[in-house]
1. Quick check on the exposure proxy: order L203, L164 from fewest to most C-beta atoms within 10 angstrom.
2. Where does the longest stretch of the chain lie that holds no GluC sites (Glu not before Pro) found in a DSSP loop with 11 or fewer other Cβ atoms within 10 Å?
3. Please identify the chymotrypsin sites (Phe, Trp or Tyr not before Pro) of region 117-225 that satisfy two criteria: DSSP loop assignment and at most 16 other Cβ atoms within 10 Å. Which are they?
4. Ignoring trypsin sites (Lys or Arg not before Pro) that are buried or in helix or strand per DSSP, and keeping those with at most 13 other beta carbon atoms within 10 Å, what is the longest stretch of the chain between them?
5. To the nearest 500 deg cm²/dmol, what mean residue ellipticity at 222 nm is calculated for the chain from DSSP H runs of n ≥ 4 alone, each contributing -39,500 (n - 2.57), summed and divided by the residues?
6. Among DSSP bridges having both ends in the chain, what percentage is antiparallel? Round to the nearest 5.
7. What's the extension gain from E221 to A81 if we count 0.36 nm per residue and subtract their Cα-Cα distance?
8. Need the full-extension length gain, L133 to E183, defined as separation in residues times 0.36 nm minus the C-alpha distance. One decimal, nm.
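Nothing in this text is a laboratory measurement; each read-out follows from the coordinates by a stated rule. A quick note: this is a predicted structure, and the numbers were derived from the prediction, not measured. Counting neighbours? That spans all protein chains shown, and the Cβs are built from the backbone with ideal geometry, glycine included.
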Amino acid sequence: MSKILKVQNLSKTYRSGEHDLNVLNNVSFDVDKGQSFAIVGPSGSGKTTLLGLCAGLDTTDDGEIWLCGESLSGLDEDGRAVLRNQNVGFVFQDFQLLPTLTALENVIVPLELRGVKNASDHGRELLEKVGLLNRAEHYPSQLSGGEQQRVALARAFSNKPSILFADEPTGNLDDDTGARIEELLFELNKEQGTALVIVTHDLELAKKTDKSIRLRSGKIEETIG
Ligand code: ADP
């Protein structure tokens with residue numbers, strides 16, 4: 001199967017008594033292996049909700065999602081966690097590094113979880129790749145935002161995921177730093193063949209991806225590519 005992600009007729013409503021909120025409505029798209037894909041749209045249009053559903057972090061009301069060939073609705077929470085640990089990387093707007101671990105320790109967390117030998121050597125290679133080997137022993141609080149995001153990228157790519165989900169990865173960074181993070185994302189996408197699914201409000205970033213969808217009020221308004 002050449003599709004790494006397939007979403008079919010997806011709908012999601014947040015239920016809270018009288019105030020149900022329909023956030024996604026009949027959304028369908030797919031992403032090929034190794035492809036870069038952007039989800040754009042105004043704030044509140046459902047982008048982050050859609051990303052979480054695709055990564056199996058939340059469950060759908062209607063519709064079906066296949067991630068790495070597995071139907072998410074056919075898996076329980078543990079099954080989805082295993083699928084994520086083996087195949088998926090994440091990058092967030094607020095970096096989400098563990099504050100009590102050094103840069104190197106943060107990068108090798110996913111490797112140690114999988115019992116990879118020589119995790120430390122591999123972690124150092126990745127830090128070198130993102131230009132931060134000289135910061136290996138620094139803690140997140142001692143790093144700038146751009147440096148923290150580079151550590152987060154090294155961590156996200158450390159177990160060579162088949163697909164990486166990034167939620168506004170450059171949203172907290174100045175333009176130059178954001179551009180460097182974008183470059184690294186696309187570099188790692190090409191080098192490792194990792195598919196990228198990026199939520200962004202940055203249309204310039206979306207133009208650099210192979211394919212994108214624009215959401216408005218939970219519906220796909222336009223598919224490009
Ligand atoms: P975007 O990422 O495009 O800004 P979101 O997916 O974060 O959009 O949110 C879409 C809508 O769903 C918003 O109105 C938001 O307030 C609402 N929402 C998001 N998460 C929840 C939740 N856990 N419970 C209830 N409503 C939510």
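1. On the way: L203 11, L164 25.
With the fewest neighbours first, L203, L164 line up as L203, L164.
2. Values: sites that count: E18, E137.
Excluding the exposed sites themselves, the longest stretch runs over 19-136.
3. Of the chymotrypsin sites (Phe, Trp or Tyr not before Pro), not one in the loops of region 117-225 has a Cβ with at most 16 other Cβ atoms within 10 Å.
4. On the way: sites that count: R15, R114, K117.
Excluding the exposed sites themselves, the longest stretch runs over 118-225.
5. Numbers: 7 runs with 77 residues, N = 225.
Counting only the DSSP helices, I get -10500 deg cm²/dmol.
6. Numbers: 20 of 38 bridges.
Percent antiparallel among DSSP bridges in the chain is about 55.
7. Length gained between E221 and A81: 47.3 nm.
8. On the way: separation 50, 0.36 × 50 = 18.00 nm, distance 1.82 nm.
Additional length available on full extension: 16.2 nm.
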